[in-house]
Amino acid sequence: MIKGRLDYRSLSKKAEFACGFIDITLETFIESPEPKEKVLELMRFAERECRAVDTLLRPTPVISVVNLNGKEVDRRALKPKELPIS
């Protein structure tokens, strides 16, 4: 199960509040006859190899490209306050 807590202050659209999650919880429910140590070893491996977790744990550049009527829009033409994201 994946749960995320939002900072609802961001809904006010004020710049000082980031519009994102405060934290994200990954909760796993396992039923197994295996010993706890073996299950924890598998979980550590899964977390280490998970591309989604890796992406969330380290800053990842986001590239936003806008195409309008089949042509890419030059976002540099917009004033900085008009840009929703970089």
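Quick note: the coordinates plus some simple rules give every number you see, no bench work behind them. Treat the numbers as computed from the prediction; the structure is a model and nothing was measured. Ideal geometry is used to build each Cβ from the backbone, glycine not excepted, and the neighbour counts take in all protein chains shown.
Could you calculate the FRET efficiency of Ser32 with Arg76 from 1/(1 + (r/R0)^6), where r is the beta carbon distance between them and R0 is 41 Å, rounded to 0.05? Could the numbers behind the result be given before it?
Numbers: r = 55 Å, r/R0 = 1.33.
Approximately 0.15, to the nearest 0.05.
Can you give the log10 of the normalised intensity I(q)/I(0) at q = 0.13 Å⁻¹, computed with Debye over equal Cα scatterers of the range 2-82?
Debye intensities relative to I(0), on a log10 scale: -0.73.
Select from the range 1-61 those chymotrypsin sites (Phe, Trp or Tyr not before Pro) which occupy a DSSP coil region and have at most 11 other Cβ atoms within 10 Å, ordered by residue number. Walk me through the numbers on the way to the answer.
Details: sites: Tyr8, Phe17, Phe21, Phe29, Phe45; in loops: Phe17, Phe29.
Loop-located and lightly packed - Phe29.
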